[in-house]
Amino acid sequence: MISLVNASRWYQQVIGINDVTCTIPAGMTALLGPNGAGKSTMLKLITGQLRPTTGRISVLGEAPFANPNVYRKLGYCPEIENNYDDMTGYEFVTLMGAMAGIPKSALKDRVHAVVEQVGMTVNAGRKIGGYSKGMRQRIKVAQGIIHDPDVIVLDEPMNGLDPVGRRELTKVFLDMADAGKCVVVSSHILYEVEAMTSNILLMNRGRLMAQGNVYHIRSLIDSHPHRITITTNDARRLASKTLELPYVLGVKFDNRDPRLMELETHSPHLFYSAFPDIVLEGGFEIDNYESPDNNLEAVFRYLVNG
Amino acid sequence: MSDIYLLRSALRDLFRIKKLITAACLVGFPMAIALLMRVGNREDTFNAVEAYNGIASNMIFQFIVVILALVFCTSIITQEVEQKTIVYLLTRPVPRWRILLMKFIGAITVTTITAWLACVLLSLACFSGSKSYDSYVIRLDQIKDSQAFMTAFKNTPDPFLLAIYKRFGGQQTEKRRRRLVFNNSDAAATTLEAYDISRQPTNTELAVVVSSVNRILRRDDLLSDTEALSALEDRSPALQQQVKAKPTGVERSLVERNYLQELLPDVLETPKPIVNPFSHDILIIPVAVLAYGALFLLLATFLSKPLITGLMFSFGWETWVPQMPGNFQKLSLMSYVKVLAPHQMPSQGSGNVGALVADTSAAVITSHQAWVTLAAFTIIALAAAIVLFTRREYVPREDT
């Protein structure tokens, strides 16, 4: 539904995004990257606020810049906290709905439905100027989905939300994705994204680093060393045992904690199947073992720093 | 449908308390000045039309209209950009030109209503319970035969003209500003003395004499000078009646001018009566607001701080350029507005030689030219603003 072909955008000398090529299908996609990675620039390009310096962008088959045809089917929840502070939540969402072309007869019901969907029914009658960060996020989401768009672009929608709010909005987004809409959510916080989708676009310093299912990305980097930390009563002896395995590349110890060891392997699955036997044979006490690499954060850290 | 909502929200935004207070101060200001003028003048010297004209021209047209158009029309864009809310408008399926146009209409409406209000209050303060008088002032373009005018004063058998002539010498000068007045009047006497009646007088010679006559009409009570009136019996009954009514203030000056008019029927043109310009002003205010508004809107589409540029234009360019010699006034919007909404202030500068001469030498813009120029300017500026607004990116950069 969204496609970028060699799209770059820079501001004078500063590069926003650099030669990004990707397509974003229907369903939920997370745009992931640290601050300054170019996520917002990419979303502004997709939502037609910016024009690409080079390359092409199309949303639902059309170039999005200042294109009402695209905006009829596209909802956008910007990152900014600023809003029309003199309006109430209802007035704001109503204005946005009217501008989105919702006929007057249907507008009021639709506004109420959307406000309820984002959990703002109680507070929507108050002026936005008095809203908390979380309320602002919710009302921003409401204006983005008021016209039931096919493509919904949300720039850091979870910022400032409490856990309950996060869960509620996540459900709203997932429902839309399940209904076949294209939902793009940007975030720099991994666990937010993990709760929503496994389909990610990973960005760093303006470049698209990886795209696809998080497990695919995982397997992409599986040929690279994988770390496992183990807390045990006899780290030295366990280390020598594990080093006998052909797929264990090396072991490191922690100077501060003699109970802690970290080993590297390029074949974690084989290691995990062999590990219980080693422990039982050697009579080791294992307090804890974990792989810092076995979550999105590690993929992320690896791709970003590697 | 979306247009109505846009317009409504634009209007609501313009009617915010802070802006309303500023606007209210501006609106009341001309009225306050007019009331002060009424307090400061005797009742028979307060000319309502002239007070209105002076304040309407300087305060309403050259100040309130311009400054409100500047503030309201630039805020259409700058305010949305500064508070970053412009993104909500630009990611809607409403073409950008419609967004801009609706907001422009809102700003123009509010500016016009505010200026109208100022105009209505001013006219109430000026006209209620006070009199308007026609102008007694002689302007150079009212003199049909300048040679005859000079000759009439130089070789006059008429006691009324003689009385004026005598006053050129400065016998009855005001105590205040004595030196200045005396010197000027003296200049008139000297000029007349040096003038050779067989040739046309120069514009300056004529202006020196006319300015002194104007000053005497304003200041001196010729109607209680029995010597000046010694030939009154030969004059028309209407004039005799006017003189015998012993008018004071502006009315006295007018009767004196009538006397001159009757003495020099072929030399002086009968002055046109001054019309109350209020209703005409009400018509022209929206025209001025549109022209200035379109210009300031254009500035706001491509400048990040249009207010400063707008101020420099309004009170720098618009003030100084029209005063430059030649056709420079054609480069100022206000010159055209002034042609459409003329505000005569005949007694202002009527005693000043330079002002009288400048008045006749000024390049003239016809009202047809003014309409065409202002309309064309408005349309071009608005179209340019729309084109720029449609093409530009309005995105705050710091969070990229």
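Worth a mention:
- Residues being among the aromatic types (Phe, Trp, Tyr) and open to solvent by 10 Å² or more (accessible area, probe 1.4 Å) - total across region B:254-293: 1
- Residue match in region A:27-50 (condition: basic (Lys, Arg), within 8 Å of another protein chain (Cβ to nearest Cβ) and crowded, with 19+ Cβ neighbours inside 10 Å): yes
- Taken over region A:52-82, the criterion of being in a loop (DSSP other than H, G, I, E, B) and either acidic (Asp, Glu) or within 24 Å of B:Gln79 (Cβ to Cβ) (or both) is satisfied by A:Phe65, A:Ala66, A:Pro78, A:Glu79, A:Ile80, A:Glu81, A:Asn82.
- The residue list A:Ser198, A:Ser187 contains one member that is among the polar types (S, T, N, Q) and open to solvent by 20 Å² or more (accessible area, probe 1.4 Å), which is A:Ser198.
- Helices (runs of 4 or more DSSP H) lying entirely in region A:83-177 (those with 3 or more residues that are more than 14 Å from chain B (Cβ to nearest Cβ) and either farther than 24 Å from A:Ile46 by Cα or hydrophobic (A, V, I, L, M, F, W, C) (or both)): A:104-117, A:133-145
- Hits in region A:71-86 - residues which are open to solvent by less than 20 Å² (accessible area, probe 1.4 Å), in contact (Cβ under 8 Å) with a residue 24 or more places away in the chain and not hydroxyl-bearing (Ser, Thr, Tyr): A:Leu74, A:Gly75, A:Cys77, A:Pro78, A:Asn83
- Selected residue (only one of B:Phe313, B:Phe302 is aromatic (Phe, Trp, Tyr), within 21 Å of B:Ala69 (Cα to Cα) and buried (at least 16 other Cβ atoms within 10 Å of the Cβ)): B:Phe313
- Answer from B:Lys18, B:Lys103 - the residue that is within 14 Å of chain A (Cβ to nearest Cβ), crowded, with 17+ Cβ neighbours inside 10 Å and within 23 Å of B:Ser314 (Cβ to Cβ): B:Lys103
- B:Thr248 being polar (S, T, N, Q) and in contact with an Asp or Glu (Cβ under 7 Å, 6 or more places away or on another chain): yes
- Count of region B:41-52 residues, restricted to those that are modelled with pLDDT under 90, of a type outside the set (Gly, Ala, Ser) and either under 22 Å from B:Val337 (Cα atoms) or part of a helix (DSSP H, G or I) (or both), is 5.
Every residue, every condition in (1) away from chain A (no Cβ under 14 Å); (2) not hydrophobic (A, V, I, L, M, F, W, C); (3) not in a helix (DSSP H, G or I), yes or no:
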| site | (1), (2), (3) |
| --- | --- |
| B:Gly54 | yes, yes, no |
| B:Met59 | yes, no, no |
| B:Ile64 | yes, no, no |
| B:Ile67 | yes, no, no |
| B:Thr74 | yes, yes, no |
| B:Val81 | no, no, no |
| B:Lys84 | no, yes, yes |
| B:Tyr88 | no, yes, no |
| B:Arg92 | no, yes, yes |
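- Checking each residue in region B:12-56 for being under 20 Å from the mean Cα position of the chain (by Cα) and closer than 30 Å to A:Met87 by Cβ picks out B:Leu26, B:Val27, B:Gly28.
The values are calculated or read from the model by the stated rules, or taken from the named source; none is laboratory data. On a predicted model such as this, the values are computed, not experimentally measured, just so you know. Note that each Cβ is placed from the backbone with ideal geometry, even for glycine, and that neighbours are counted across all protein chains shown. Side chains are part of the model used for accessible areas, which takes the heavy atoms of the whole protein and leaves out ligands, DNA and RNA. Shrake-Rupley method; radii C 1.70, N 1.55, O 1.52, S 1.80 Å.
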